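Notes to accompany the following structure.
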Amino acid sequence: MSGTESNTYEGFTAEERAAMKEHAQEQKKAARRGSRADKAAEAERDVLAKIAEMQGPDRILAERVHAIVTANAPVLAPKLWYGMPAYALDGKVVCFFQSAEKFKARYATLGFNDLAKLDEGTMWPTAFALTEVTAEAEERITALVKQAVS
C-alpha cells in the first residue's frame, strides 16, 4: 500500500451503533418474556409503539406496511429488529421496514432476508426503496409478502 492511499476504517456510524444497541436490548427483553402468547402480544405492541414514535412520512409508510404484512402473511409474527419493525417466521426475520429518518437516508426501505422465497433466476431484488404506498405499491408489497412466505 502506498503512503498516499487512505484506507482508514472509520467504524460504524452513530446510527448503526444505536441500532446494534437496540437489537441487544430487544434480545434481552425477548428472553425475559413469559409464555409464547405473551411474547407475541408484547412483540406486536413493541412494533406498534416503535411505529408510533416515527415522524411523518416514515410513520405513515410503516403503518401501511404493517397493515399489509399482517393482513397478507398472518404466519409472520411482528417483532422489533435493530429497532425497526420486522416480521418473522419461527423467530427468523423474513421482511423488515427501515425508516429513512433512522439512518438519515433519502428513502425508507422494505427489505427481505434470505428466508423470503423471492428467488427469480440467478439474481433478484431483496430491498425496495419506498417513498409512498400508492395502490400500485400496495399491490406489489402484497405480492412480495405472499411470495416470501409461499
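The values are calculated or read from the model by the stated rules, or taken from the named source; none is laboratory data. Note that the structure is predicted; figures quoted are calculated from it, not measured. Glycine gets a Cβ as well: all are built from the backbone with ideal geometry, and neighbour counts include every protein chain shown.
Is there a residue being under 16 Å from residue 44 (Cβ atoms), at pLDDT below 95 and either within 16 Å of the chain's Cα centre (by Cα) or not β-branched (Val, Ile, Thr) (or both) anywhere in region 91-98? Looking for residues that are under 16 Å from residue 44 (Cβ atoms), at pLDDT below 95 and either within 16 Å of the chain's Cα centre (by Cα) or not β-branched (Val, Ile, Thr) (or both), one finds at least one in region 91-98, hence yes. Go through the residues of region 122-137 one by one and say whether even a single one is under 30 Å from residue 38 (Cβ atoms) and of a type outside the set (A, V, I, L, M, F, W, C). Within region 122-137, none of the residues are under 30 Å from residue 38 (Cβ atoms) and of a type outside the set (A, V, I, L, M, F, W, C).
A quick yes/no check of all residues on (1) assigned to a loop (DSSP other than H, G, I, E, B); (2) at pLDDT 95 or above:
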| residue | (1), (2) |
| --- | --- |
| 104 | yes, no |
| 116 | yes, yes |
| 125 | yes, yes |
| 128 | no, yes |
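The residue that is nearest to the chain's Cα centre (by Cα), among those in region 12-36 that are polar (S, T, N, Q) and modelled with pLDDT of 75 or more, is 25.
Please note which strands (runs of 3 or more DSSP E) are completely contained in region 52-101 and include at least 3 residues that are in contact with a His (Cβ under 9 Å, 6 or more places away or on another chain) and over 15 Å from residue 137 (Cα atoms).
On the way: elements: 77-81, 84-89, 92-98.
Qualifying strands (runs of 3 or more DSSP E): 77-81.
Filtered by the rule that a residue be at positive phi and among the hydroxyl-bearing types (Ser, Thr, Tyr), region 58-93 gives a lone residue, 82.
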